[in-house]
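K.L.:
Let me give you the structure first, and then I'll get to my questions.
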Amino acid sequence: MLGLKKFLFRGSAPSHLPDDVRASLEVWRTSAPAPLDDLHFHTRYVVVDIVSSGPNPESDRLLGLAASSIWKGAIQPDDTFYVDFSTLDGEGAGVDRQLTAFLLFAAKAPLVTYHIPYVGGFLQRAFKERLGVDFQPQWVDLAWLLPSMFEDKGDTVMPLDHWIDVFGLDAGSGRRDAMANTLLLARICQMMTVRAVGKQVDTAAQLIEESRASSFLRRNH
Amino acid sequence: MTTQQQTGQEQQQAIGQVEMSLRQDGRTRMAGNTQAFLRNHAPFNKMQPDALQRFAEKAKIVFYAAGSEILGPDSGKVRYFYLIESGKVQARQAGEVTVTEYSVLSLSAGESFPIGAVTAGRPSTNLYTAVDDTFCYQLPAEDFLALMASSPEFNLFCTRYIASLLDQSRRQLQLQFSQRASEQQTLNSPLAGIGSRSPITVAPETPLRAALETMSKAGIGSLVIAGEDRKAVGVFTRTDLLDRVVLADLPLSTPVSQAMSANPFMIEEHATAYDAMFAMATHGIRHVLVTDAEGKLTGVVSERDLFSLQRVGLRQIRQSIDGAHNVDALKQAAADVRQLSFNMLAQGVGAEQLTQFISALNDALTRRVIQLNLEKHNFDGIEWAWLAFGSEGRDEQTFSTDQDNGIVFAPPEGASVEALKQRFLAYALDVNNDLDRVGFPLCKGNIMASNPQWCLTLEEWKDQFGSWIRMPQPDALLNATIFFDFRALFGKHELADAMRRHLLAQTASNPMFLRAMAKNALDVEPPLGKIRDFLTDLEPGHPGKIDLKKYGSRIFVDVARIYAMASGVHNTNSIQRLRLAAQRLSIRSDEINAVLEGLNFIQLLRLQHQYLEGEPGTQGDNLIDPDKLNELDRRILKESFRQARKIQTRLKLDYQVQ
């Protein structure tokens, strides 16, 4: 069974991939998914944000990615990740290795971001085109979750800056880089999990479910 | 392992390296984000870039929702240093004993906690609660300590903070003292000078309404009812108003004499405050009326008045010492010295000044005893001096100090040394006994001028010092710790100066001696435990206690003596010795100040213990139970012992003692 799976996935990888990337992808594929039934405190959430050349995942380019983890309630400086694809001009085996390194960093943990269609869209396309990987992580979308968790502060999907204002976070002046944005998202996520516990949403699985449900409900009703 | 597998591993390592480097980039970016905050807040804005970077790379970010507890005494040993990024945190004193001035303190962005606890590696004494939604940077304790060790700016910030805690603790101690001091001081003061001198009175026939209006206007709770002859016939209080007027439905036109308590307790103005207190306690009353010899009202003394008495003055004591003509008069003065010392402690005088002050007044007492005895013994034409040794020699006397003294004399040419010595011994015996009666107990080790061993000519003293220095046997070293702290108290000071010059010259030419002294001084270590905070089983017969003299102040005193001798410092006082020696030996002043703070704190605790826990009239000891100290004092005591260990380590290195 395992052999067959390997065979199938390997078959879908683009042939230009260097051997070390193939080997690492294999390690990632066969690694166990992160458990989702632990309490938030014991769950490693990876908060991620990207920089792109425009808003459209189909036509614009992915320029950078910043991620940091929340574990044991804290944003961990020892567990952060930053890549600037523009330095390699978006080409070559260097980018393949950087994307693979992100998969190893994230280690199948639930991913937290703001607005999945944008962040997820760019990542999906990049992983598909470059590595032949169908990137389907367990997403938690703050854009949809915040209105349902903080209905007292805003009940529709709103731009991130609105929430930053509402929570009184210091976003600095001028343009934020991807890491500054990720760290703001991480802080919001910390606040959100405290709220979630108050609503008996105690585990990652429940949070992911809540995220899906709220986006489904809001889109369809 | 096949070649293929090897290649596979290497390939993964290549990706591993990419991952490592991108993680490092992430860490650097996050640190940059944190630094942007740090740069706007003291003390971080003054820190060197590498220290700032270290803080930023290690600081986690945590969130506390409004109302949640961050840290408390029950959270165990503090593992993180917290710096508030945004929000508000309330620090509240836990437990019943207030160890700092504040009971509730509000902290906001840029402020940090719990500095004392994280430095000491102890649980926090405060309960920290988020008042608003709060984000904090959280630096692990080991990184905090590393930062304190490497960043002078951060270290200064933290030590200043801890010093302010020390200050608060000292003030707290003083509060305890002032309460105790005012209680004691009331005992012998005559009532004539206490309380209200012109009490408000009304005549017995005054209607209740008018009497109540008088009380209301003057803002007083009680009224004396007196006739025209100013003889009090009763007292009317607010309690009487309730019981005898309101509940008894008495009309307000009734004369006050019908509602007052008749036959009030009166006491003559020459009686003491103690009598008044005793009367209040016996009769369960809050006021006593004070009268003159004819029974006319002259004042009212309330419970509160007894706590705000005039204090015994320094000048009065000096005058009474200098004017004393017999031992009994000096005995009274000695009691006053004790009392005044307590008051000074209560008024905020630190241990250093206080021990010197006690020594100064004890010197005055001792000098007076010496002078009074010279009326019976005549040494005209002979150069001699009365020497003080040990703590008296160092100006470091606490409340419990016995005698350590000797005599040095220079026999005139042709005189019989032996005959002269006998005369000095007879004189010294009288002085020693009188000092004992005044309140300085005889020395158990017989280190007294009446002992022929310590009543010597200048040449004999020099020989004695010389032989101890040349042959540093254990008892010679022990003697050195007592006798080398000498000071002339009376007589020809030049003799003592000559002894000091000889001593310093001898030690300078015998390096082995100081090394032996150093080895000896390192025999006793501060009682810091590896697992527990304190070792409390060092004194057989006193389990659970620490001898603050033996394991505390003596360590500092011994080190001070050695450095003073090594650097040619003439002073005997340990603090002066350390300060001066530090200058000559180029020891950093902040380092030596921390050491002196440690010594001062231990001395303060000794004084407190001897006063608050000593039985009146007995000699206090130096045995304290660290469990009975409040959290803050325990922490500072631990830090003080660490300072003792630090200065010992320095001595060990300087003298290459294994």
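K.L.:
Could you tell me which numbered condition A:Tyr118 fails, if it satisfies all but one of (1) among the hydroxyl-bearing types (Ser, Thr, Tyr); (2) surrounded by 20 or more Cβ atoms within 10 Å (Cβ to Cβ); (3) at pLDDT below 95?
P.N.:
A:Tyr118 satisfies all of (1) among the hydroxyl-bearing types (Ser, Thr, Tyr); (2) surrounded by 20 or more Cβ atoms within 10 Å (Cβ to Cβ); (3) at pLDDT below 95 except (2).
K.L.:
Now for a different question. Please specify each residue of segment A:80-96 satisfying the condition of being within 9 Å of chain B (Cβ to nearest Cβ) and either buried (at least 21 other Cβ atoms within 10 Å of the Cβ) or among the aromatic types (Phe, Trp, Tyr) (or both).
P.N.:
Scanning segment A:80-96 gives A:Thr80, A:Phe81, A:Tyr82, A:Val83.
K.L.:
Here's something else I'd like to know. Taking segment B:52-70, which residues are among the polar types (S, T, N, Q) and away from every other protein chain (no Cβ under 11 Å)?
P.N.:
B:Gln53 - this is the single residue of segment B:52-70 that is among the polar types (S, T, N, Q) and away from every other protein chain (no Cβ under 11 Å).
K.L.:
Right, another one. Read through the list (1) under 21 Å from A:Val194 (Cα atoms); (2) more than 9 Å from chain B (Cβ to nearest Cβ), then give the number of the only condition that A:Pro33 fails.
P.N.:
(1)
K.L.:
If I ask for residues that are free of Cβ contacts under 8 Å to residues at least 40 places away in the same chain and either among the hydroxyl-bearing types (Ser, Thr, Tyr) or not in a helix (DSSP H, G or I) (or both), which ones from segment B:564-586 would you list?
P.N.:
Of everything in segment B:564-586, those that are free of Cβ contacts under 8 Å to residues at least 40 places away in the same chain and either among the hydroxyl-bearing types (Ser, Thr, Tyr) or not in a helix (DSSP H, G or I) (or both) turn out to be B:Ser567, B:Val569, B:Asn571, B:Leu585, B:Ser586.
K.L.:
Of all residues in segment A:47-103, count the ones that are of a type in the set (Asp, Glu) and under 15 Å from the mean Cα position of the chain (by Cα).
P.N.:
Residues meeting the conditions: 2.
K.L.:
Here's another thing I want to ask about it. Read through the list (1) of a type in the set (A, V, I, L, M); (2) buried (at least 21 other Cβ atoms within 10 Å of the Cβ); (3) farther than 29 Å from B:Ser640 by Cβ, then give the number of the only condition that B:Met517 fails.
P.N.:
(3)
K.L.:
How many of the residues in segment A:18-50 are of a type in the set (A, V, I, L, M) and buried (at least 18 other Cβ atoms within 10 Å of the Cβ)?
P.N.:
8
K.L.:
Shifting gears a bit: Acidic (Asp, Glu), surrounded by 15 or more Cβ atoms within 10 Å (Cβ to Cβ) and away from chain B (no Cβ under 14 Å): does that describe A:Asp202?
P.N.:
Answer is yes for this residue.
The values are calculated or read from the model by the stated rules, or taken from the named source; none is laboratory data. Nothing here was measured: the structure is a model prediction, and the numbers come from that model. Cβ atoms come from the backbone with ideal geometry, glycine included; neighbour counts cover every protein chain shown.
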